[in-house]
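What follows is a single structure, written as structure tokens, with notes after it.
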Amino acid sequence: MFKRLLFPLLCTTIILIASCNKDPEFTYSFYTPEEMQVLSQHLTLPEKPDDYTVHLPQNLVNAGLRASAIDQNKAVLGRVLFYDKRLSKDGTISCASCHKQEIGFSDDKRVSTGVYGRLGSRNAIALASVASFAAYYGTDINGSSAIRFFWDNRAPTASEQNKGSLANPAEMDMHMNEVVEVVRSQPYYQPLLRKAFGNSDVTADQMNEAIAHFVNSMGSYKSKFDEEASKGGLVTSPFPGFTESENHGKSIYMNNCAKCHSYEMGRPYLFYASNGIDAGLTNDNGVGSISGITEQMGCFKVPALRNIALTAPYMHDGRFQTLAEVVEHYNSGIQNHPNLHYRLKENGAPKRMNLSESDKQDLINFLHTLTDPHFIVDPRFSNPFK
């Protein structure tokens with residue numbers, strides 16, 4: 001009996017060993033050959049979806065940031081939607097037209113140009129200024145304390161922000177039903193939709209969800225600042241890898257700017273504020289124009305500062321062309337707006353930093369340490385269209 005059982009067992013073992021030594025006859029493919037043929041006619045995508053998982057560095061984890069999960073297939077679909085110019089009324093504008101990867105997903109114009117050459121009213125916010133959208137943006141994934149979208153904070157989620165940009169006559173000028181029809185008509189969306197949602201049809205909500213996953217996967221956290229901050233120690237202490245100028249500039253920043261913009265370069269500490277670029281009310285009163293609250297008139301989102309050296313021009317209206325102009329505003333140019341934030345006041349008057357020329361240059365040198373050279377060339381966030 002024992003020999004009868006042993007013989008089949010030995011044969012099975014020999015077959016398994018032999019099969020392990022042979023080249024596999026079956027190769028796993030995420031997309032079918034037919035799907036890849038369709039995709040490859042229009043897009044440059046890897047045969048297996050990129051990994052969009054957010055891995056925050058230790059300095060941001062220590063600051064309490066945790067990134068929500070990203071659906072890889074929805075992010076891939078969202079990437080294609082983000083770059084697709086067919087989703088605009090005249091077929092010339094995509095989300096990426098105003099958020100260019102090589103300059104920190106910002107625009108180098110004071111205000112962006114939309115369909116038919118129409119000009120917007122505000123400077124495009126740099127998406128690469130954010131450490132991680134998945135960690136602190138969007139009330140749908142981060143609760144009521146999450147940072148909201150747009151300069152006036154009117155959109156609570158990435159999906160709502162996307163709807164607003166698609167429908168804006170000065171941006172893409174498309175009703176959601178028009179966008180859905182365009183997506184349905186393009187063959188390269190069918191495989192991506194099946195992977196993301198299980199079928200090749202699409203709804204407006206699914207499309208907005210996909211773009212939201214792509215945006216939420218974005219984050220810039222591989223700068224020189226992060227490299228030094230992740231070594232441990234107090235972020236306010238000098239960094240051994242910084243130059244003397246960069247450390248002095250960091251000290252100026254920590255003493256004058258961090259209470260609004262963040263010490264760790266994580267989420268900004270304020271939702272909105274007036275920073276005194278105007279003395280009174282203007283045609284654009286930001287958060288107050290949405291809320292109608294007097295104390296919020298002339299207040300705008302307090303942005304994060306990552307990659308700021310790449311994202312000129314600056315402020316909600318793009319009025320400053322250089323970092324030197326921005327620094328000089330806070331040094332000597334703050335105006336006494338009725339809602340000027342108290343941290344920008346001294347004895348009831350606009351604060352004056354009284355920086356020397358070398359101080360100002362050191363501060364600018366520090367701001368350059370916030371540049372993330374990896375994110376602006378990361379192929380996962382690049383244009384997939386051929």
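Okay, here's what the table says:
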quantity: Given (1) under 30 Å from V111 (Cβ atoms); (2) free of Cβ contacts under 8 Å to residues at least 24 places away in the same chain; (3) of a type in the set (K, R), index of the condition K259 fails; calculated: (2)
quantity: Looking only at segment 190-226, and only at residues there that are touching a residue at least 60 places away in the same chain (Cβ under 8 Å) and acidic (D, E), the one that is farthest from H175 (Cα to Cα); calculated: D226
quantity: Given (1) at pLDDT 95 or above; (2) out of contact with any helix residue (DSSP H, G or I) (no Cβ under 8 Å at 6 or more places or on another chain); (3) of a type outside the set (A, V, I, L, M), index of the condition K231 fails; calculated: (1)
quantity: Pick from segment 68-88, criterion of a type in the set (G, A, S) and surrounded by fewer than 23 Cβ atoms within 10 Å (Cβ to Cβ), ranking: nearest to T157 (Cα to Cα); calculated: S68
quantity: Of all residues making up segment 132-175, the number that are of a type in the set (K, R) and touching a Gly at 6+ places or on another chain (Cβ under 9 Å); calculated: 2
quantity: Residue under evaluation S274, criteria (1) polar (S, T, N, Q); (2) farther than 26 Å from H55 by Cα; (3) exposed (fewer than 15 other Cβ atoms within 10 Å of the Cβ), criterion not met; calculated: (3)
quantity: Residue list for segment 268-295, filter: in contact with an Asp or Glu (Cβ under 9 Å, 6 or more places away or on another chain) and part of a helix (DSSP H, G or I); calculated: V287, G288, S289, I290, S291
quantity: Scope segment 220-250; condition under 20 Å from H329 (Cβ atoms) and touching a Pro at 6+ places or on another chain (Cβ under 8 Å); matching residues; calculated: K250
quantity: Residues satisfying the stated conditions in segment 278-295, i.e. in contact (Cβ under 8 Å) with a residue 60 or more places away in the chain and crowded, with 16+ Cβ neighbours inside 10 Å; calculated: D284, G286, V287, S289
quantity: All positions within segment 327-362 that are touching a Cys at 6+ places or on another chain (Cβ under 9 Å) and assigned to a helix (DSSP H, G or I); calculated: Y330, R343, L344
quantity: Cβ-Cβ under 8 Å pairs, at least 6 apart or on other chains, segment 167-187 side under 13 Å from D84 (Cα atoms), far side assigned to a helix (DSSP H, G or I) and among the hydroxyl-bearing types (S, T, Y); calculated: M172/S165; V183/Y189
quantity: Segment 124-169, subset part of a helix (DSSP H, G or I), farther than 16 Å from N208 by Cβ and not aliphatic (A, V, I, L, M), residue nearest to the chain's Cα centre (by Cα); calculated: S129
quantity: Options G104, G91: the member that is of a type outside the set (S, T, N, Q), surrounded by fewer than 18 Cβ atoms within 10 Å (Cβ to Cβ) and on the phi > 0 side of the Ramachandran plot; calculated: G91
quantity: Residue tally, condition farther than 16 Å from S94 by Cβ and outside any helix (DSSP H, G or I), over segment 170-190; calculated: 2
quantity: Failed criterion for S97 (all others in (1) touching a strand residue (DSSP E or B) at 6+ places or on another chain (Cβ under 9 Å); (2) of a type outside the set (D, E, K, R); (3) under 14 Å from V215 (Cα atoms) hold); calculated: (3)
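Per-residue answers, yes or no, for (1) aromatic (F, W, Y); (2) part of a helix (DSSP H, G or I); (3) over 19 Å from T311 (Cβ atoms):
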residue	(1), (2), (3)
V76	no, yes, yes
G91	no, no, yes
S97	no, yes, no
R110	no, no, no
R122	no, no, no
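The values are calculated or read from the model by the stated rules, or taken from the named source; none is laboratory data. All values reported here derive from a predicted model rather than from experimental measurement. Note that we place each Cβ from the backbone using ideal geometry, even for glycine, and neighbour counts take in every protein chain shown.
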